[in-house]
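Report on one structure; see the data block that follows.
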Amino acid sequence: MADFNPGHQMSHPTFGHMILARLGDHRPGLLFEQERWTWDEFVRECAVRAALLGNLAREASARIEAREQPRHRTLHVGVLLDNFPEYLFLLGGAALSGVTIIGVNPTRRGPELAADIRGVDCDVLLTSTPGREHLSGLDPERDLGLERAPIEIDSAEYRRELDAHAGAAADPEGEFTDAGRDEGTYLSLMFTSGSTGAPKAVICSTGRLAMLGHVNFRGLVPEDVAYSAMPLFHGNAIMGVFAPCVAVGCAFSMRERFSARHFLGDVRAFGATFVNYVGRSLAYILAVPESGLERDTRLRIVFGTEASAHDRAEFERRFGVAPSEAYGSSEGGAVIQRTPDTPPDALGRSGEHMDIAILGPGGEECPPANFDADGALTNPGEAIGEIVNRTGARLFEGYYKNPEASAERISGEAYRTGDLGYTDAAGFLYFAGRSGDRLRVNSENFSAAPVERILSRFPGAVVVAVYPVPDPRTGDAVMAALQLLPGHEFDPDAFAAFLAAQPDLGRLWCPRFIRLLEAMPTTATRKIAKPVLRQESWLVDDPVFTYDAGRCIRLDAEAARALRVDYARHDRSPAGY
């Protein structure tokens, strides 16, 4: 990929410059549970890590120099941790020393976890005692490609290493290397959420993270306190919250792991004024019974992605703050922002300096969506296409050592999101699902997201997922998974009546299979893990119902056997895609 070019000048060209700008700032910087650091203290902690990382880089110099591409010749440090302060100290230290931090997903296990670590050329792996349990059964050299055993940050050995470099805290600027000053140095590799396939490692240079700190500040001021509900290994927490906090000089707060039950208590205890979220986080927060204290907070900015219009409205009712949203990704190639006049179910309009369009398979621009009097989309086959930023290629730095996946995102100067969408006559953009969310029923193509928006109206539904499974004869059958409020009983007759009463639910959009789950499978960023749902299909122990001819009926053992015979008769398999 080409070197990153944000297209405008910034006061801090690298994240290392941005970190050092906080030296001497004695306002609150990092808040973690009961621990507190000022920004000045934070920078000095980063300097100690920079010295440690520099020493590790010298030890691994021969291995680093053997890499094929010059841009890859930095120490690669895998960090297998939950949200601990050490994670951020290491990131800041890497920005000063010119090292690459790799956020390893702590929810992965076994061969998948090994493939993640080995595939990004980890030279050193830092973890914790619980993290070592995740690595159980994996040989550091054979499975992970490491030359030394993982280092535990809560060990006496690691503490001795930090103590040996404590002198760096007296002069943090002394740890700022030439690689740290190079805007193109890879500061971080951030894995995608894996909601549609295997996670890929997104490259984020130190120049790009500095740029994101400047542009993602969302009205924050130094007196603000941001609360991050997202895991640090994912781009949202670092790019969307931590980097802006460093740029502005406001405090960044977090807990070890997201907890919907503790969300309100954390917001109140930290005095949070800003909260971010991704995926179904709002739905889980709203599933916690009201306490009457929701409006007794300092919240003034709530920002995220992918919450339903219902959940945004309910959050505003409870907390007195309206969530705002934008469409984006760790890759950074396309941004869509909500405006005050954006319809409730729309994403918004193209972000600043973006030329976003909905393109068909041949690169042609899709016509606007048409809606009938009931609001139903009448031309999904024509209107739904891929969301493409026609000038976004320069914003995407690529996937690490994955040229095929990188090439799928780039077409000349355009950045292809791989996501589906459509526009209305007024030019507002709508999300229609991931590339794997397209369904084909009776030769009609449509996408899952509009169906999910309709089904989420069902009383008691916390989370809804719609996805394709094999039809017994040909094409796809629509399947919906529902997670209901605790204690809420599913009434099949009420659900059938609900489907019949939705005027904008297309005839072919009605789910043939309905699965009830106590907990929806999700990625670490609380996005629904649809590959898991598709693979499991209706072949599960959870309650499954079928819907046909206006009736919703429990799929019992006898009906399941008959259905399997029907699949076999047409040489089809009920197993998911």
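In table form, for the structure just shown:
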{"quantity": "Region 423-561, dipole about Cα centre (Lys/Arg Cβ +1, Asp/Glu Cβ -1), debye to the nearest 20", "calculated": "420"}
{"quantity": "Helix-only mean residue ellipticity at 222 nm for the chain, each DSSP H run of n ≥ 4 adding -39500 (n - 2.57), per residue, nearest 500", "calculated": "-8000 deg cm²/dmol"}
{"quantity": "Placed amide H near Leu484: partners under 5 Å, 5+ positions off or other chain", "calculated": "Val462, Leu517"}
{"quantity": "HN-Hα J in Hz across region 513-526 - Karplus 6.51, -1.76, 1.60, θ = phi - 60°, x for Gly and Pro", "calculated": "10, 10, 10, 9, 10, 6, 9, 6, x, 9, 7, 5, 9, 6"}
{"quantity": "Amide H contacts of Phe371 (H built 1.01 Å from N, under 5 Å, at least 5 apart or other chain)", "calculated": "Thr378"}
{"quantity": "Size of region 15-205 as Cα extents on the principal axes (Å, biggest first)", "calculated": "45, 40, 35"}
{"quantity": "Built amide H within the under 5 Å cut-off of Ile410, gap 5+", "calculated": "Arg416"}
{"quantity": "Given charges at beta-carbon only (K, R positive; D, E negative), |dipole| of region 131-272 in Debye", "calculated": "740"}
{"quantity": "Using θ = phi - 60° and Karplus 6.51 cos²θ - 1.76 cosθ + 1.60, couplings along region 344-351 (whole Hz; Gly, Pro as x)", "calculated": "x, 8, 8, 6, x, 10, 3, x"}
{"quantity": "Listed peptides 312-322, 422-432 by packing density, highest first (mean Cβ within 10 Å)", "calculated": "422-432, 312-322"}
{"quantity": "Shape metrics for region 438-536, restricted to C-alpha atoms - Rg then Dmax, Å", "calculated": "13.2, 39"}
{"quantity": "Answer label for semi-axes √(5λ) of the Cα gyration tensor in Å (calculated), chosen among (i) 42, 26, 24; (ii) 55, 34, 22; (iii) 39, 27, 23", "calculated": "(i)"}
{"quantity": "Mean Cβ count within 10 Å, highest first, over the residues of peptides 32-41, 103-112", "calculated": "103-112, 32-41"}
{"quantity": "For the chain, share of DSSP beta bridges that run antiparallel, in % to the nearest 5", "calculated": "60"}
{"quantity": "Rg(Cα)/(2.2 N^0.38 Å) for region 162-279, N = residue count", "calculated": "1.20"}
{"quantity": "Dipole-positive endmost among Asn276, Ala373, Pro343 within the chain (Cβ charges, Cα centre)", "calculated": "Ala373"}
{"quantity": "Relative contact order %, the chain, counting alpha carbon pairs below 8 Å whose residues are six or more apart", "calculated": "11"}
{"quantity": "Packing-based order for 177-185, 449-457, using average beta carbon neighbours within 10 Å, highest first", "calculated": "449-457, 177-185"}
{"quantity": "16 Å Cα-Cα reach of Lys401 towards lysines, excluding residues that sit fewer than 8 places from it in its own chain", "calculated": "Lys200"}
{"quantity": "Principal axes of region 112-234: Cα extent on each, largest first, Å", "calculated": "47, 45, 30"}
{"quantity": "Estimated dipole of the chain in Debye, rounded to 20 [Cβ of Lys and Arg +1, of Asp and Glu -1, Cα centre]", "calculated": "380"}
{"quantity": "Phi-based couplings in Hz for region 47-55 (Karplus 6.51, -1.76, 1.60; Gly and Pro marked x)", "calculated": "5, 4, 5, 4, 5, 4, 5, x, 5"}
{"quantity": "Cα-only Debye scattering, region 323-362: base-10 log of I(q)/I(0) at q = 0.25 Å⁻¹", "calculated": "-0.90"}
{"quantity": "Tail weight of P(r) past 15 Å, computed on alpha-carbon pairs of region 348-437, percent", "calculated": "60"}
{"quantity": "Charge-dipole axis of the chain as Lys and Arg at +1 and Asp and Glu at -1 on Cβ define it, positive-most pick from Leu209, Ala260, Ala568", "calculated": "Ala568"}
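No lab work stands behind these numbers, since they all come straight from the coordinates. Computed from a predicted structure; not experimentally measured. Positions of Cβ are backbone-derived with ideal geometry, glycine not excepted, and every protein chain shown enters the neighbour counts.
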